[in-house]
Amino acid sequence: MSYIADGFRQAIELILTANPETVSAMWTTIRVSSLSIAASLAIGVPVGFVLGHTRFPGRKAIRTLVETLLALPTVVIGLLVYILLSRRGPAGELGLLFTLPGIAIGQTILGVPIIAALTATAVESLDRRLAPTLLTLGARKKHLLLTSLWEARFAVLIAGITAYGRIVSEVGISMMVGGNIKWHTRTLTTTIALETGKGEFAMGIALGMVLIAMALAVNISLAVLKRRTAR
Amino acid sequence: MSRPYLYEILNLSHYYGSHCALHIERLVLEEGTIVGLTGPNGSGKSTLLKILGFIEKPSEGILRFKGEPAELKDESLRSSVTMLFQDPYLLRRSVFENVAFGLRVRDDVNELAARVHRALQWVGLSPERFARRAWHELSGGEAQRVALAARLVIRPKVLLLDEPTASVDAASASMINDASLMARNEWGATLVISTHDSFWLHALADETLALYDGRLVGSGAKNFILGPWKPAEQGLWEKTLSEGRRLLALPAPYPDAVAVLDASDIRISPTPPDASRGDTVLHGSVTQMIIENGSGRLLVKLASRECSFTSRITQEQATKIGLHPGQSVWIALNAGAFQWF
């Protein structure tokens, strides 16, 4: 059993001495997840707003589709993006396979449905007195859209944080599309998978602790925001 | 050429689904007046106010504003007309930003802070204490006053108030009334105020319109008497009151019909009056007295056990019988005066 304790001891050492491989995986994770969440927000928030705010034929069908995509397994996304980006695939010429932007495309496909679905729900559940209040205060169409989104800002942030939690902890897309290339596309989650396979628990535990710390930070900010929106 | 009416409504109907919430054949409102809307809950007051505030488009009929047909698409219509709701919604931001919102959307931000502070003072809120508070740090009465300040700051030409004091404390209610009146006195705003407790409104309003079931049932102080009614002797109908008492009326169209009785049709006397056929005589007392705006007559609120009535009498009559609040009186109403809806 001592190998578990040894693993923890070595893991703390790896973190405290800023082991280059650990730092590289952390840095890669931060870079790719930032790119993914930015793209997910840029696409998901407007889509969610339109789905929640407007009424048009086919809206319900699109909402059902978005909600179905919430349950899309990351390995399936990884597979689809791999096919898309592989040399023979329709976007093969872009040369994005085994690159960070390639992973970000997959993670964006993972993040957009979460943000769109939660934003749509947030906008739908805005107080029904909001629109008449804005109108009677003299708001015009453009104000109506922006102010409604601003009124739902905490819920939209919660959507972003929820999506970020999913993105930073996924392994299927990063492994398949990124290829787990050391110093290049190796993220926290793919390193843990690899090191565990090799029987090298110390690195796995160290990165696991970093990941748990990030998840904790995300959860605490979620809890704080939820308290604010409850008022 | 004479000045056009501020509002003119012709054959206007408004439906929620298949339910007709409002039908008005003709109504005109003049600029600079105070108009009261009275009637029980569900009588169409809020719907009418939302239509006057260009928040809802009437299902059919004509609505003219300053002589021009009002098109809801014309966003400029709402620049001078604003409405305060019974249960106000404050934006998820500070009190200052709530009040400043109307000025910001108009790009009218000269001396913004000074104007916002002045509006807060109009409604009796100290800018130093309240301007920086968040929306959730206010009591119900304070929230309603912030909502009113947000409307007054834009100096609206028309201020529509939907039961503005129904759910606030007495102190807030009096400040809301004072601030609304100030809008009329300072810049000639037209006020349309709805309330189901109409008594105080008669002292204030130039004209009071009574609504029932989406229809205008007359102007001035009215008594609404709800059923159930049942046939009684001599072709009359009656409503049973407590302790064996009853109200007599001409035949009602159906048992749950609502009777409307003008305040002038309710007579008061200090001694039991001679009752003729169809008269109902009840014993009660005077609870409140006000001078009706415009007519100069007295409106007297009367209570007789579970019933309350509003009677209109001349000041001479009141002096003759030495009428005063708390006084015990006899209340007489004749079956022939009932109108049915």
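Suppose R0 equals 30 Å. What FRET efficiency, 1/(1 + (r/R0)^6) with r the Cβ-Cβ distance, do A:Ile220 and B:Arg132 give to the nearest 0.05?
Here the calculated transfer efficiency is 0.65.
In whole angstrom, note down how far apart the Cα centers of the stretch B:201-225 and the stretch B:83-147 are.
First find each Cα centre; the distance between them is then 32 Å.
Given R₀ = 35 Å, what would the calculated FRET efficiency be for B:Asp178 paired with B:Gln315, taking r from the Cβ atoms and rounding to 0.05?
E between B:Asp178 and B:Gln315, to the nearest 0.05, is 0.85.
What do you get for GluC sites (Glu not before Pro) in the stretch B:1-70 restricted to DSSP loop and a cutoff of at most 15 other Cβ within 10 Å of the site's Cβ?
B:Glu30, B:Glu31
Over 25 Å between C-alpha atoms is what I'm after, so list which of B:Lys239/B:Lys301; A:Lys142/B:Lys50; A:Lys226/B:Lys50 land there.
Correct reply: A:Lys226/B:Lys50.
At a Förster radius of 60 Å, what calculated FRET efficiency corresponds to the Cβ-Cβ distance of B:Val281 and A:Ala71, to the nearest 0.05?
Once rounded, the FRET efficiency stands at 0.20.
Test of understanding: in a Gaussian network model of chain A with alpha carbons linked when under 10 Å, which of A:Gly199, A:Gly111, A:Gly58 would top the mean-square fluctuation ranking?
Comparing A:Gly199, A:Gly111, A:Gly58 in the GNM, the peak value goes to A:Gly58.
Tell me what chain B gives for mean residue ellipticity at 222 nm when only DSSP H runs of n ≥ 4 count, each as -39,500 (n - 2.57), the sum divided by the residue total, rounded to 500 deg cm²/dmol.
Result for chain B, helices only: -6500 deg cm²/dmol.
Most fluctuating residue of A:Ala213, A:Ala61, A:Ala116 in a GNM of chain A with Cα springs under 10 Å: which is it?
A:Ala61
Which of the GluC sites (Glu not before Pro) across the stretch B:254-341 are loop residues per DSSP, with 11 or fewer other Cβ within 10 Å?
On the way: sites: B:Glu292, B:Glu306, B:Glu316; in loops: B:Glu292, B:Glu306.
Filter output for the stretch B:254-341: B:Glu306.
Taking only DSSP H segments of four or more residues, each worth -39500 (n - 2.57), what value at 222 nm results for chain A once the sum is divided by all its residues, to the nearest 500 deg cm²/dmol?
For chain A, the value works out to -25000 deg cm²/dmol.
Averaged across A:128-135, how many Cβ atoms of other chains sit within 10 Å of each residue's Cβ atom? Let's see the in-between values first.
Details: counts 1, 5, 3, 2, 7, 12, 5, 10.
That works out to 6 on average.
Under 25 Å from the Cα of A:Lys182, which lysines turn up, not counting those fewer than eight places away in the same chain?
A:Lys182 reaches A:Lys198.
What spacing in nm lies between the two simple spin-label points modelled at B:Ala114 and B:Ser328, each 7 Å away from Cα in the Cβ direction?
Placing both labels 7 Å beyond Cα along the Cβ direction yields 6.3 nm.
Among the lysines, which fall within straight-line cross-link reach of B:Lys45, defined as a Cα-Cα distance under 22 Å, with same-chain neighbours fewer than 8 residues apart omitted?
The reachable lysines, counting only those whose Cα sits under 22 Å from B:Lys45, are B:Lys57, B:Lys66, B:Lys157, B:Lys222.
Once you've got the GNM for chain B with C-alpha springs shorter than 10 Å, pick whichever of B:Leu191, B:Leu211, B:Leu12 has the biggest mean-square fluctuation.
B:Leu12
Throughout, read-outs are computed from the coordinates displayed, never taken from laboratory work. The shown structure was predicted, so the numbers you read here are calculated from the model rather than taken from an experiment. Quick reminder, even Gly has a Cβ in these numbers, built from the backbone with ideal geometry, and neighbours come from all protein chains shown.
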